[in-house]
Amino acid sequence: MTTAMLDAASLDQAAARLYRAKPLSPSEQRQFADIAAGYQRTAPGNHTTRQLTSKTVDELVAEALNGINPHGTRPPVDVRLPGRLAAVLPDWAHRGRRKDFTHPPSTQLYVAATILREWGWQAKPHKMRNKRGQRCICGALVTTVALGVGTMSGAETAAWHVLGVLRDQGWPRLIGDWNRECGNAQKAIDITLTAYQRAAAAGQ
């Protein structure tokens, strides 16, 4: 497990190595699609008989939709970032806040999206922060570790999920290249949250 702090560029490279090592193949994608399609075909048509535990599928769907927050995901943790002025501090200054390394990559992605939303996004690739404390996607992921959310090896997996989302959208290069050429603040947040959903669906 990676324990040393990486910079944003190293994290991007680690994600690319992981993606080359274990991309989701087209056959795996078809298998997931077949599972979902198979359930739709075999689920009873009468909603009163579509029972999962003590609730119907319709009730579970309604309950899930009611629990979705305004940003489209349910938070895995109660995210409380330090004040806006803390955004300009170097990451080593946050390390005293570390309390729990057990958070999975999905939580790191959710917190990274919160960092981008509350502290800001900037377009220079692999720049941990500018003078205003704004970060690139990889920089936000590295910062989650400094804030005590997960490990660097978890951040590498989180970045791998970000790269997977970009690959699904046809982007062939690194996260930093997208950050410079195609990104804006809302797109960066959306990409990170989509990666969060992907990681959570994978149980990570």
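The values are calculated or read from the model by the stated rules, or taken from the named source; none is laboratory data. Remember, predicted model here, so these are calculated numbers, not experimental data. Quick reminder, even Gly has a Cβ in these numbers, built from the backbone with ideal geometry, and neighbours come from all protein chains shown. The accessibility values were calculated without ligands, DNA or RNA, using every heavy atom of the protein model including side chains. Shrake-Rupley method; radii C 1.70, N 1.55, O 1.52, S 1.80 Å.
Per-structure values
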{"read-out": "Matching residues in the range 92-129 - criterion: being modelled with pLDDT of 70 or more, open to solvent by less than 20 Å² (accessible area, probe 1.4 Å) and over 12 Å from the mean Cα position of the chain (by Cα)", "value": "Trp119, Gly120, Gln122"}
{"read-out": "Ala159 being open to solvent by less than 10 Å² (accessible area, probe 1.4 Å), modelled with pLDDT under 90 and under 18 Å from Ala14 (Cβ atoms)", "value": "no"}
{"read-out": "Matching option when the condition is touching a Phe, Trp or Tyr at 6+ places or on another chain (Cβ under 8 Å), within 14 Å of Pro105 (Cα to Cα) and not hydroxyl-bearing (Ser, Thr, Tyr), among Gly148, Gly133", "value": "Gly148"}
{"read-out": "Tally, over the range 180-196, of residues that are in contact with a helix residue (DSSP H, G or I) (Cβ under 8 Å, 6 or more places away or on another chain) and at pLDDT below 90", "value": "1"}
{"read-out": "Members of the range 173-199 found to be open to solvent by 50 Å² or more (accessible area, probe 1.4 Å) and in a helix (DSSP H, G or I), listed by number", "value": "Arg180, Glu181, Gln186, Lys187, Asp190, Thr194, Gln197, Arg198"}
{"read-out": "Some residue of the range 132-151 being out of contact with any Cys (no Cβ under 7 Å at 6 or more places or on another chain), on the phi > 0 side of the Ramachandran plot and surrounded by 24 or more Cβ atoms within 10 Å (Cβ to Cβ)", "value": "yes"}
{"read-out": "Ala201 without any contact (Cβ under 8 Å) to a residue 12 or more places away in the chain and of a type in the set (A, V, I, L, M, F, W, C)", "value": "yes"}
{"read-out": "Residue check for Leu166: crowded, with 19+ Cβ neighbours inside 10 Å, under 21 Å from Ala9 (Cβ atoms) and either free of Cβ contacts under 8 Å to residues at least 40 places away in the same chain or among the β-branched types (Val, Ile, Thr) (or both)", "value": "yes"}
